[in-house]
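Some notes on the structure that comes next.
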Amino acid sequence: MGALSVTAQTAPAPAPAAPAVAITVTPAIVSHYMFRGQRLGGASLQPAIEASYGSFVGGLWSNFPVKDKVPGTSDPEFDFYGSYTTAISDTLSVVPGFTAYYYPDADAKAGFYKFTFEPSLAVNYTTSGIKFTPKIFYDFVLDGPTFELGAGYALPLKDLGTELGFSASIGTYLLNDFAKNSTPRTKAWGDYWSVGVAAPFQLTKESKLTVGFAYTKGDGAYTKVGSTPKSENTLAVGRGVVTVSYSYAF
């Protein structure tokens, strides 16, 4: 009787599961609203909602000042944003994105824009646990670039079940059409930097509370109309900012 030959057939690998949509809601409160070294308001509410699907992220961030309001800039403000992350390696990724800034109560007669649009391109590189992020923005309405370099490092605190997230950034901007309907055009330029630390506390599987502090400062900030002498941008100051946020993911 001849031997029975059996050929084993390998089952095809299962198709990878489609990425799930994750949504995170994050109400927050800050002691000052600082943006690129400029104080745009005092204590403010900053609710946000974000959705992610695989490498895509999109969301809405908003600002509602409750003290020291700066009319036309942040009262209120709605920022619609999106980005896509492409991994080059375990330590390197490229992230194109955009932010659309909307100020519904901005007074155009006073030189404020109701809407600006700013694409961006970032590179994330991680080495020795430190994540470096050079990034370039270009606002097509304000007509100018912003260059920024950020860095972040997470220090585990296992006994407390959390970590300290340290962050730092430095940036510079040059805007050629800073004020709406300005003839001749108004330029604005300046530098800024910030350092901060934050600690998240996991409350449940879906929710966490994060407490943070950062010091941010604007330097060498000026505006200039045509050939007139430059004027100091009085919104560029240094402030310590306390942030408390609660996030819920589902």
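So the values come out like this:
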read-out: Single match in Lys135, Lys114 (criterion: surrounded by 14 or more Cβ atoms within 10 Å (Cβ to Cβ), touching a Pro at 6+ places or on another chain (Cβ under 8 Å) and among the basic types (Lys, Arg)); value: Lys114
read-out: Single residue of Ile29, Ile23 found to be hydrophobic (A, V, I, L, M, F, W, C) and either touching a Gly at 6+ places or on another chain (Cβ under 6 Å) or exposed (fewer than 14 other Cβ atoms within 10 Å of the Cβ) (or both); value: Ile23
read-out: Residue check for Phe132: in contact with a Phe, Trp or Tyr (Cβ under 6 Å, 6 or more places away or on another chain), part of a strand (DSSP E or B) and of a type in the set (Phe, Trp, Tyr); value: yes
read-out: Count of residues meeting criterion [free of Cβ contacts under 8 Å to residues at least 24 places away in the same chain and either farther than 30 Å from Asn176 by Cα or crowded, with 16+ Cβ neighbours inside 10 Å (or both)] in region 123-132; value: 3
read-out: Subset tally (residues that are aliphatic (A, V, I, L, M) and closer than 14 Å to Phe80 by Cα) for region 27-68; value: 5
read-out: Scope region 175-222; condition in contact with a Phe, Trp or Tyr (Cβ under 9 Å, 6 or more places away or on another chain), basic (Lys, Arg) and either outside any strand (DSSP E or B) or under 17 Å from Arg239 (Cβ atoms) (or both); matching residues; value: Lys180, Arg185, Lys217
read-out: Test: Ala100 is aliphatic (A, V, I, L, M), free of Cβ contacts under 8 Å to residues at least 40 places away in the same chain and either closer than 21 Å to Pro65 by Cβ or exposed (fewer than 14 other Cβ atoms within 10 Å of the Cβ) (or both); value: yes
read-out: Single unsatisfied condition, Asp79 versus (1) over 16 Å from Tyr102 (Cα atoms); (2) at pLDDT 95 or above; (3) acidic (Asp, Glu); value: (1)
read-out: Tally, over region 40-63, of residues that are over 21 Å from Gly97 (Cβ atoms) and crowded, with 16+ Cβ neighbours inside 10 Å; value: 4
read-out: Search result, residues across region 225-246 that are over 21 Å from Asn176 (Cα atoms) and of a type outside the set (S, T, N, Q); value: Val237, Gly238, Arg239, Gly240, Val241, Val242, Val244, Tyr246
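Every residue, every condition in (1) surrounded by fewer than 18 Cβ atoms within 10 Å (Cβ to Cβ); (2) among the hydrophobic types (A, V, I, L, M, F, W, C); (3) in contact with a Lys or Arg (Cβ under 9 Å, 6 or more places away or on another chain); (4) under 30 Å from Asp159 (Cβ atoms), yes or no:
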site: Gly190; (1), (2), (3), (4): no, no, yes, no
site: Leu203; (1), (2), (3), (4): yes, yes, no, yes
site: Ser207; (1), (2), (3), (4): yes, no, no, yes
site: Tyr215; (1), (2), (3), (4): yes, no, yes, yes
site: Thr223; (1), (2), (3), (4): no, no, yes, no
site: Ser227; (1), (2), (3), (4): yes, no, no, no
site: Lys230; (1), (2), (3), (4): yes, no, yes, no
site: Gly240; (1), (2), (3), (4): yes, no, no, yes
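The values are calculated or read from the model by the stated rules, or taken from the named source; none is laboratory data. The shown structure was predicted, so the numbers you read here are calculated from the model rather than taken from an experiment. Here the Cβ is made from the backbone with ideal geometry for all residues, glycine too, and neighbour counts use every protein chain on show.
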